Amino acid sequence: MHKHFEIIKKSTEAKARVGKIHTSHGIINTPIFMPVGTQGSVKSLSQDDLYDLGAEIILANTYHLYLRPGMEVLKQAGGLHKFMNFSRPILTDSGGFQVFSLGDLRKIDENGVLFSSHIDGSKHYFTPEKVVNIQKDFGIDIMMCFDECVKYPEKYEYVKNSVNLTTKWAKKCKSEFEKINENNQFLYGIIQGGMYKDLRKESIDELLELDFDGYAIGGLSVGEPLDEMLDIMSYTADFMPEEKPRYFMGLGSPLEIWNCVEQGIDMFDCVMPTRNARNGTLFTFRGKLNIKNAQYKFDFSPLDDECDCYVCKNHTRAYLHHLFRANEILALRLNSLHNISFMLKFLLKIRESILNDDFLRQKKMFFEKYQNSEGKNNV
RNA sequence: GGAUAGGUGGCCGAGUGGCUAAAGGCAACAGACUGUAAAUCUGUCGAACUAUGUUCUACGAAGGUUCGAAUCCUUCCCUAUCCA
């Protein structure tokens, strides 16, 4: 069997690299963007859509799928791949983000987190061991350690304790994983530490001893200013092992991703393209635009004249504007198709630029077009 | 011709003497969205100006009562339903 991760090409001008991640469901070319399908569905898109778009891996969520449809359904279905009939790799988040996002609905202690289900209020206790076993039963390819994603801003003392907790849980995840692993799944550790560099360093050092299959940066992009995020990201990235995949959880915008790849990050996931699509914000190579805006009512040009996705080849801005205004369900689908297409396409551009030793120039060109055009607030 | 119910801001609709430039919804005009409690949320939404305030114009029309009227009275106009 292949090594989990191989580096194909290192940029000569930046820390960026092109690589391949091997899983039993196929190969993932990095740097990669992973569409988010929390509940076993990338909202509004079908599995065939994902194949056609060229999505090489998607994300799903332990917490959500555990609550609904529940483990019994997923076990009887034969795992998540079979259940949703998706043949490519799947990565599941552990529920650590829900520790953050479900703020008032959970209680943390040394051994785990007590959640009140956002669906029916029922109580569920998640421990690192349990989270690993759930992901084991999902049969997915890459599982994440159970961590605490800390809010921003947060006091040093709290974050310090939180890092200790996340490390402790990472150890438990790892040892449970070693017990149950059948060599067809991989486990990634998650670096925390908030906006404190020494805590980030501490978190990495402790996780490195556990020798995970990959390493993720967690707890960023939670409301902090962009420059602070970039600062912590590049500081952290430098200590992440070179020979393993580096995953920035929850990112991000096109410009953020370029910047992260430049520092050697390989994997990204974000709800932004699908959520924004459903809310009317579309990504183009000339920046973001809000298709709801009145200016598109009579705009019979394609959404993005540089894009060859189904939507851009077949429909006008005026039509997309109309569909959205009219609350047509097709609006959500077409918008999502385009936004995911955009993300995957520009990651492809990034990979090519690294392979051609042209990363910095391509990045500059991308930024200039993306920021100086019709879109507003293009970060 | 008679009876009844009504006429409120772009639309629907609450409001029966001061707290009303007028609830709420829709529409409209913008904005936000980053390991998805999200097809969600936020702001603006009569006009003008020396604009966190001031002045106009406004609840079918015209008069009136009152310190004060979308709210009470009179007349008129219009709409819906029913009866001849």
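The values are calculated or read from the model by the stated rules, or taken from the named source; none is laboratory data. Please read these numbers as outputs of a predicted model, since none were measured by experiment. All Cβ positions, glycine included, derive from the backbone under ideal geometry; neighbour counts span all protein chains shown. Side chains included, ligands, DNA and RNA excluded: accessible areas come from the protein's heavy atoms. Shrake-Rupley method; radii C 1.70, N 1.55, O 1.52, S 1.80 Å.
A few points about this structure:
- Within the straight-line cut-off of under 16 Å between alpha carbons, the lysines reachable from A:K123 are A:K107, sequence neighbours fewer than 8 places apart in one chain being disregarded.
- Nitroxide proxy distance, nm - points 7 Å out along Cα→Cβ at A:S87 and A:E13: 3.9
- In angstrom, the C-alpha Rg and Dmax of chain A are 20.3, 61.
- Straight-line cross-link reach from A:K297 at under 22 Å between alpha-carbon atoms covers these lysines, not counting any fewer than eight positions away in the same chain: A:K288, A:K313, A:K376.
- Cleavage-rule hits, GluC sites (Glu not before Pro), the stretch A:300-379, DSSP coil, Cβ neighbours within 10 Å at most 16: A:E306, A:E328, A:E374
- Applying a DSSP loop filter and a limit of 16 other Cβ atoms within 10 Å to the chymotrypsin sites (Phe, Trp or Tyr not before Pro) in the stretch A:219-283 leaves A:F239.
- Legend: calculated FRET efficiency, A:L348 to A:A326, from the Cβ-Cβ distance at R0 = 41 Å, rounded to 0.05, equals 0.80.
- Accessible area of chain A belonging to carbon and sulfur atoms, whole % at 1.4 Å probe: 49
- Unit charges on C-beta of K, R, D, E only; dipole of the stretch A:48-103, Debye: 280
- Shape class of the stretch A:118-185 from the Cα gyration tensor (axes a ≥ b ≥ c, square roots of the eigenvalues): oblate, since a/c reaches 1.5 or more and a/b does not exceed b/c.
- Degrees between helix A:329-355 axis and first principal axis of chain A (Cα, 0 to 90, nearest 10): 80
- Placing unit charges on the Cβ atoms only, positive for Lys and Arg and negative for Asp and Glu, gives chain A a dipole magnitude near 860 debye about its Cα centre.
- Acute angle (nearest 10 degrees) that the helix A:197-208 long axis makes with the longest principal axis of chain A, alpha-carbon atoms: 70
- Unpaired by the 4.7 Å Cβ criterion, cysteines found in chain A: A:C149, A:C260, A:C270, A:C309
- Estimated FRET transfer efficiency (A:E209, A:R361; beta-carbon r; R0 51 Å; 0.05): 0.80
- Using C-alpha pairs below 8 Å separated by at least 6 residues, the relative contact order for the stretch A:50-155 is 32 percent.
- Reachable lysines, given that their alpha-carbon falls under 25 Å from the alpha-carbon of A:K197 and they are not under 8 places away in the same chain: A:K15, A:K151, A:K155, A:K160, A:K168, A:K171, A:K172, A:K174, A:K244
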